[in-house]
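To start, the structure itself, in structure tokens.
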Amino acid sequence: KALLPRLSSLEGKTIGLLDINKPRGDVFLDRLEVLFGERGVKVKRYNKPTMTRVAPVAVKQQLALECDAVIEALAD
């Protein structure tokens, strides 16, 4: 699949933060949420039930409908 083009601006956009439930991923996403908030960017948080499986279809559909971009946290 071809990559989607980058957003030209974050103004008026909603960024989804997806926690895949790896240790400390939430710490990374908490910091991103603060940084985006300081810039007036709307953030929505999402979680996978477990890191060992792909995100449920319902979560992927929510991300696609509600967000302009998504950041997935990988940490340890």
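The conditions of being at pLDDT 95 or above and under 27 Å from Ser8 (Cα atoms) are not met by Lys60.
Contact map, segment 47-67: first residue farther than 18 Å from Asp26 by Cα and among the basic types (Lys, Arg), second residue open to solvent by 80 Å² or more (accessible area, probe 1.4 Å) and not in a helix (DSSP H, G or I), Cβ cut-off under 9 Å, separation 6 or more or different chains; pairs are Lys60/Val54. Considering segment 1-51, and only residues there that are among the small types (Gly, Ala, Ser) and over 13 Å from Glu72 (Cα atoms), the residue that is surrounded by the most Cβ atoms within 10 Å (Cβ to Cβ) turns out to be Gly37.
Among the residues of segment 1-29, the ones that are over 15 Å from Asp68 (Cβ atoms) and touching a strand residue (DSSP E or B) at 6+ places or on another chain (Cβ under 9 Å) come to 10 in all. For segment 30-53, the tally of residues that are farther than 12 Å from Asp68 by Cβ, aliphatic (A, V, I, L, M) and modelled with pLDDT of 95 or more stands at 3. Residues in segment 40-55 that are part of a loop (DSSP other than H, G, I, E, B) and of a type in the set (Lys, Arg): Lys48, Arg53. Within segment 56-76, restricting attention to residues that are assigned to a loop (DSSP other than H, G, I, E, B) and of a type in the set (Asp, Glu), the residue that is most open to solvent (accessible area, probe 1.4 Å) is Asp76.
The values are calculated or read from the model by the stated rules, or taken from the named source; none is laboratory data. Since this is a predicted model, take the numbers as computed values, not measurements. Every residue, glycine among them, receives a Cβ derived from its backbone with ideal geometry; neighbour counts consider all protein chains shown. Each accessible area value is taken on the protein alone, full model and side chains, heavy atoms only, with ligands, DNA and RNA left out. Shrake-Rupley method; radii C 1.70, N 1.55, O 1.52, S 1.80 Å.
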